[in-house]
Amino acid sequence: NCDNDARCVLCRRMMFRISSEIAKKEGCEFLVTGENLGQVASQTLDNMAVTNSASQIPILRPLLCYDKNEIVNIAKKIGTYTASIAAAICCRAVPTRPLTRAKLERIEFEEDKFDVKKVVQDALEKAEVLEL
């Protein structure tokens, strides 16, 4: 029921809501992402500002200012590169023209179109914690 162009920002906000709840239960104080500034869809400054507000705990972005080649090299060095390019990892729901300059009011309007609390609760009930 939401505008297609806002899908990536809405998805990221839902991931932050769900993961911050899990983090709190697990005793974690921060979320850590692989976001990189200037990438498509949700990884623009405007969109990051809007997605931050959905998390209940601080979000750390250690790769924020690296370029793509630097990130690929780091991933290869630490052994995560193969997993990061696997087909299952890629999102197939990215709109043709994703919103890149989100405004919180607009995104909250879109979130009013569905039951955010229920989606979060359903996800938490189905979540599995894996120890690495």
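Where in the chain are the helices, taken as whole DSSP H runs, whose Cα atoms extend 20 angstrom or more along the long axis and whose Kyte-Doolittle mean reaches at least -1.0? Walk me through the intermediate numbers first.
Values: long enough: 7-26 (28 Å, -0.20).
Membrane-span-like by this rule: 7-26.
Rounded to the nearest 0.05, the FRET efficiency derived from the C-beta distance between ASP67 and LEU132 at R0 = 30 Å is 0.65. Given their separation in residues at 0.36 nm each and the Cα-Cα distance between them, GLN121 and ILE57 gain 21.3 nm when the chain is fully extended.
If you roll a 1.4 Å probe over the heavy atoms of the protein chains, what accessible area per residue do you get for the chain, in Å²? All intermediate terms of the calculation are to be shown ahead of the outcome.
Numbers: 9060 Å² over 132 residues.
Dividing the accessible area of the chain by its residue count gives 69 Å².
In this label model, VAL32 and SER84 are separated by 1.3 nm, measuring between points 7 Å along each Cα→Cβ vector.
Karplus-based coupling profile of segment 55-63, in residue order and whole Hz: 8, 8, 10, x, 10, 9, 10, x, 9, with θ = phi - 60° in 6.51 cos²θ - 1.76 cosθ + 1.60 and x standing for Gly or Pro. Backbone amide hydrogens, once placed in the peptide plane, bring THR44 within less than 5 Å of GLY38, excluding anything fewer than 5 places away on its chain.
The values are calculated or read from the model by the stated rules, or taken from the named source; none is laboratory data. The structure displayed is predicted, hence computed values, not measured ones. No Cβ is skipped: glycine too gets one built from the backbone with ideal geometry, and neighbour counts run over all protein chains shown. Ligands, DNA and RNA are excluded from the accessible area calculation, which covers all protein heavy atoms including side chains. Shrake-Rupley method; radii C 1.70, N 1.55, O 1.52, S 1.80 Å.
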